[in-house]
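The values are calculated or read from the model by the stated rules, or taken from the named source; none is laboratory data. Predicted model only: the values in this text are computed from it and were never measured. Using ideal geometry, Cβ is built from the backbone for each residue, glycine included, and neighbour counts are taken over all protein chains shown.
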Amino acid sequence: MKKKYLYLGPLILSAVLALGIFVGGKLHFNDTPEKLFTTNSKKDKLNRLIDYIDYEYVDEIDTDSIVDVTVNNILEKLDPHSVYIPKREMAKVSENMKGDFVGIGVNFYPYKDTIAVIRTIQDGPSFLKGIKPGDRILMADNDTLFGRDFINDSVVQKLKGRKGTNVRLKIYRKSVDSIFTVNIKRDVVPIKSVTAYYMLTDDMGYIKINRFAESTFKEFKSALRELREQGAKKLTLDLRDNPGGYLGIAEQMADEFLEDGKLILFTKNKRGKIDKIYATDEGDFEDKPVYVLINERSASASEIIAGALQDNDIGTIVGRRSFGKGLVQREMELGDGSAVRLTVSRYYTPTGRSIQKSYDKGNRDYYKRFTDRYHNGEMVSVDSIKVADSLKFTTPKGKVVYGGGGIIPDVFVPMGTNEEEAVESMDSVGFISFFIFEHLEEDRNRYDQYTEKEFIADFSVDDILFEKFVDYCIQRKLKMEYYDYEDAIKLYLKAAIAQQLFGPNVHAKIKSDADMMLQRVLALDNPLVSQGEAEAIEAKN
């Protein structure tokens, strides 16, 4: 059994999107490896050249690196999303898409010359053994994890291991100025793809998904179940910055909202073979209001869901035009631990749209088209989006939609000012989080009196902490009009404190007050809010 991928990766914030987008599902191979890779003159030529270099070339050459370069050069001639995964990267890539790993369950910073715990995973191995935020991990068994020369990747490998194996950690706890030893049994630790969920209003839930891994649908169902128990009759599904993942997971998620028999998508290969995927009667959130948030970095599997709902006249797509990736990849092993994700078909939305943007002029032009969106005004005005009448399609209820380069939302929300985006970027890349970690390090007991609800309702960032953050930024040569955006910065600082004290759900909930798209959803969902008032809310934010 092989898997199809719909994924954008890696993703470079605020700039160029690089390498591949792949889609995951399951496919059967009808051809055996022997049949697929029979000898021919083209393959003989490459094999002979490598052999000549191996045995006859005057200097010693790492032919493995030559092969890697050759494979990458071949794939670059095909399309932007057929990618090579070297053996050294396969474990990490597979782990990320599987959705878990075996370890001790901590988030940490390489801080100064030590490993500092940010948070422990709820109910994970370290949590159950009493490891606390701020603890320093000095040693793992006989391996030293402090000093100037420690490397982040090597630390991770020392903390990982086989499930059920023990690791003896030496811990320094600053709050009591003591060193102690604890034995921790390694266990499966989830890599969450549902990064936050909470009640946005009394009857609307919110779920944020950052990729489509093997565990994503299970995480989504669990979050949705909990929100429904809290009274959710509506849902906001946040797929912003989600580069994709397994096609099968996107199909399952779309099925939650679509009635039995509705077309989710279809794929077509170069031989013209068409495979259609339909919704089943398994959906738990059919006939309920749903808002899907997308932006220019939502790709592949994210676009599958947005396109399936839009073309079936279900819910409301809110945000900005998505990336535009409509190719399907299949992962194929190359026999030495490496693999290639090769484009094997195109996918189409239910109305027949291909949302794949053109790559006829090569990869450089393909990714330049993405950055061009920032310069042609598309991020601030829906009227700047260029569409072709030849790519016009109509949904069953008569709504006009377009193919040819992403999903255009039903409701457009412009990008914020440069300063607003700068504050968001400082949060998304961890800059604010690191500042807050150092702030908490000064005195971790200062917030002990707050419960989660009390912190949300009562805590406000004071001017002293704000000024410290401004100084922190200036020392690092970051320039912006800080005082013009004081309220937003204070809110982000509060959210970052909440993340380290209470977790990602509270972090996301606090940030929602400054989120233009979420504020637009709230305006759209309130039948008492007029269009003019909705636009005023958007303009205010």
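Things to note:
- Entirely in the range 136-220, the strands (runs of 3 or more DSSP E) that have 3 or more residues that are exposed (fewer than 13 other Cβ atoms within 10 Å of the Cβ), over 31 Å from the mean Cα position of the chain (by Cα) and not hydrophobic (A, V, I, L, M, F, W, C): 178-185
- Among the residues of the range 464-503, those that are within 24 Å of Tyr450 (Cα to Cα) and free of Cβ contacts under 8 Å to residues at least 40 places away in the same chain comprise Ile464, Leu465, Phe466, Glu467, Lys468, Phe469, Glu486, Asp487, Lys490, Leu491, Lys494.
- Residue list for the range 221-242, restricted to those being in a helix (DSSP H, G or I) and hydroxyl-bearing (Ser, Thr, Tyr): Ser222
- Candidate set from the range 413-451 (those that are outside any helix (DSSP H, G or I) and touching an Asp or Glu at 6+ places or on another chain (Cβ under 9 Å)); member that is nearest to Tyr111 (Cα to Cα): Tyr450
- Set side by side, the residues Phe217, Phe180 differ, and just one is among the aromatic types (Phe, Trp, Tyr) and either touching a strand residue (DSSP E or B) at 6+ places or on another chain (Cβ under 6 Å) or at pLDDT below 95 (or both), which is Phe180.
- Residues of the range 79-99 satisfying the condition of being touching a residue at least 60 places away in the same chain (Cβ under 8 Å) and under 18 Å from Thr216 (Cβ atoms): Glu95, Asn96, Met97, Lys98, Gly99
- Residue match in the range 243-252 (condition: surrounded by fewer than 22 Cβ atoms within 10 Å (Cβ to Cβ) and in a strand (DSSP E or B)): no
Listed here are the residues, each with its yes/no results for (1) without any contact (Cβ under 8 Å) to a residue 40 or more places away in the chain; (2) touching a helix residue (DSSP H, G or I) at 6+ places or on another chain (Cβ under 6 Å); (3) more than 19 Å from Gly244 (Cβ to Cβ).
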{"position": "Arg321", "(1), (2), (3)": "no, no, no"}
{"position": "Gly326", "(1), (2), (3)": "yes, no, no"}
{"position": "Thr351", "(1), (2), (3)": "no, yes, yes"}
{"position": "Thr371", "(1), (2), (3)": "no, no, yes"}
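- Hits in the range 330-358 - residues which are out of contact with any Ser or Thr (no Cβ under 7 Å at 6 or more places or on another chain) and surrounded by fewer than 17 Cβ atoms within 10 Å (Cβ to Cβ): Met332, Glu333, Leu334, Gly335, Asp336, Gly337, Gly352, Ser358
- Pairing residues of the range 384-407 that are aromatic (Phe, Trp, Tyr) with residues that are assigned to a loop (DSSP other than H, G, I, E, B) and modelled with pLDDT of 95 or more, at Cβ distances under 7 Å and at least 6 apart in sequence or on separate chains, gives Phe393/Thr351; Phe393/Gly352; Phe393/Arg353; Tyr402/Ile408.
- Pairing each residue of the range 250-265 that is over 16 Å from Glu303 (Cα atoms) and touching a residue at least 40 places away in the same chain (Cβ under 8 Å) with any residue that is hydrophobic (A, V, I, L, M, F, W, C) and in a loop (DSSP other than H, G, I, E, B), provided the two are 6+ apart or on different chains, yields C-beta distances under 8 Å for Lys262/Ala279.
- In summary, Lys87 fulfils each of the numbered conditions (1) in contact with an Asp or Glu (Cβ under 8 Å, 6 or more places away or on another chain); (2) surrounded by fewer than 16 Cβ atoms within 10 Å (Cβ to Cβ); (3) assigned by TED's automatic domain parsing to the domain that holds Val156 with the single exception of condition (3).
- Residues that are in the same structural domain as Ala339 (by TED's automatic domain parsing), hydroxyl-bearing (Ser, Thr, Tyr) and part of a helix (DSSP H, G or I) are absent from the range 121-130.
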